[in-house]
1. Would you tally the residues in segment 72-121 being over 30 Å from Cys172 (Cα atoms) and either assigned to a helix (DSSP H, G or I) or of a type in the set (A, V, I, L, M) (or both)?
2. Only one of (1) within 20 Å of the chain's Cα centre (by Cα); (2) in contact (Cβ under 8 Å) with a residue 60 or more places away in the chain; (3) surrounded by fewer than 21 Cβ atoms within 10 Å (Cβ to Cβ) is not met by Ile210, so which one is it?
3. Taking segment 219-237 as the search range and keeping residues that are acidic (Asp, Glu) and modelled with pLDDT under 90, which one is least open to solvent (accessible area, probe 1.4 Å)?
4. Are there any pairs with C-beta distances below 6 angstrom linking a residue in segment 105-129 that is farther than 24 Å from Cys202 by Cβ and at pLDDT 90 or above to a residue that is in a helix (DSSP H, G or I) and not β-branched (Val, Ile, Thr), with the two at least 6 apart or on different chains, and if so which?
5. Show the residue pairs meeting these rules: Cβ distance below 6 Å; 6+ apart or different chains; first residue within segment 65-82 and at pLDDT 70 or above; second residue open to solvent by 100 Å² or more (accessible area, probe 1.4 Å) and not in a helix (DSSP H, G or I).
6. Within segment 148-166, track down each residue that is modelled with pLDDT under 80 and polar (S, T, N, Q).
Amino acid sequence: MRSRQRMFAAAMRLLLKCLRLGRRRRFKLVRQVEQLWHYGHLCLRSLLYNSFTNGDVVLDSLFEPVYWLVDHVTRWFGVVFVALVIGLTSSIVAIVYICLLPLILQTYTPAWICWHLAYGHWNLIMIVFHYYMAITTSPGHPPQAKNDLTGVSICRKCIAPKPARTHHCSICNRCVLKMDHHCPWLNNCVGHYNHRYFFSFCLFMTMGCIYCSISGWEMFRDAYAAIERMKLLEKERLQVAANQTYYQTPPPTFSFRQRAFHKSVVYLWVLCSSVALALGALTLWHAALITRGETSIERHINRKERQRLQKKGKVSIAHGTGAGWGRARRDAPLPVLQVFRNPYSYGSWDNWKVFLGVDVPRHWLTRVLLPSPHLPHGTGLSWDLPPCVTEQHAPLLAI
């Protein structure tokens, strides 16, 4: 009896010890999890904390995977985009020569025939020349030797001197002089040496598409109506054929040549109109940038810098007149503030002359209206006053 009681007491003591040990281990595990949680939370806050963090930094961080994907896709698909441009343009030219030109020679007056032949071929030559020069001309890159440049910053990715207006292209993995953007349709960066070729190509391509859309409007209407008639007659022919034998099936109303002609005209008009709208908007945007003497990247940088200086009260909002600032007294003098201005802008007219390389009046014909491979002003390493600028503006607050 006593032995049974001793055995029972020993079993109970062992059970209590096991329960007490399990409770200790469970509490220890909970404490370790809490410590790991607090430690991870502290590490995350320390990694994300930055006194310069704002909405733009957070947005850029969120879009970083998209930027990486775009950089790698654009790098590999640039050749495909160039082939697409050449293929679509060649198809339009082929349709004009095969379908429209014989019709123009048969129906138009001699004056209109001369106009279409002269303008069409001139526009085509300008498009082909500027596109070829844009994709084959290097945009310009700064030298890698540190002794060649003075007073410049250092690119954080190239670890090399970076002159003014130079930016790093993540797709080309190089710094580009006066970089505007990387164009996938050129498979090349738009920079100092090919910026004029890029804009001229956009301009003349837009003009050519508008010319084809306006000139082919009546043909497009007739071709579209003919295609609708073809669909209706085809439907009626199938209905009639369903009630007849195989040998009594009527022949097609329209021949293959007629069908191809009408569909080609519709394809030409739709493609040219679409390209004219899309490329026309891009051309107007770049024309506005050229008028202000900026690139696409500088537009964003200057806007940010202008807002930063306005918050600090160093530049005025209303062109240096003091308008918009608080007035404690009517006779109290307003603070004299400067106007933020792009230092590379010489005025609207002079900006266009510098961009197009027009030094004398005859250059408007030889360098603008005719194909010209002349180089832009300067080397892209320094930005001295071009000789075609009429007057020099006083330096104001800018970057």
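1. So the answer is 29.
2. (1)
3. Taking segment 219-237 first, the residues acidic (Asp, Glu) are 222, 228, 234, 236.
If we keep only those that are modelled with pLDDT under 90 as well, we get 228, 234, 236.
Values: Glu228: 77, Glu234: 56, Glu236: 88 Å².
It comes out as Glu234.
4. none
5. Phe81/Trp185
6. Result: Thr150, single match.
The values are calculated or read from the model by the stated rules, or taken from the named source; none is laboratory data. Not measured: the values here are computed from a predicted model. Glycine also receives a Cβ, built like all others from the backbone with ideal geometry; neighbour counts cover every protein chain displayed. In case anyone asks, the SASA skips ligands and DNA or RNA and just uses the protein heavy atoms, side chains included. Shrake-Rupley method; radii C 1.70, N 1.55, O 1.52, S 1.80 Å.
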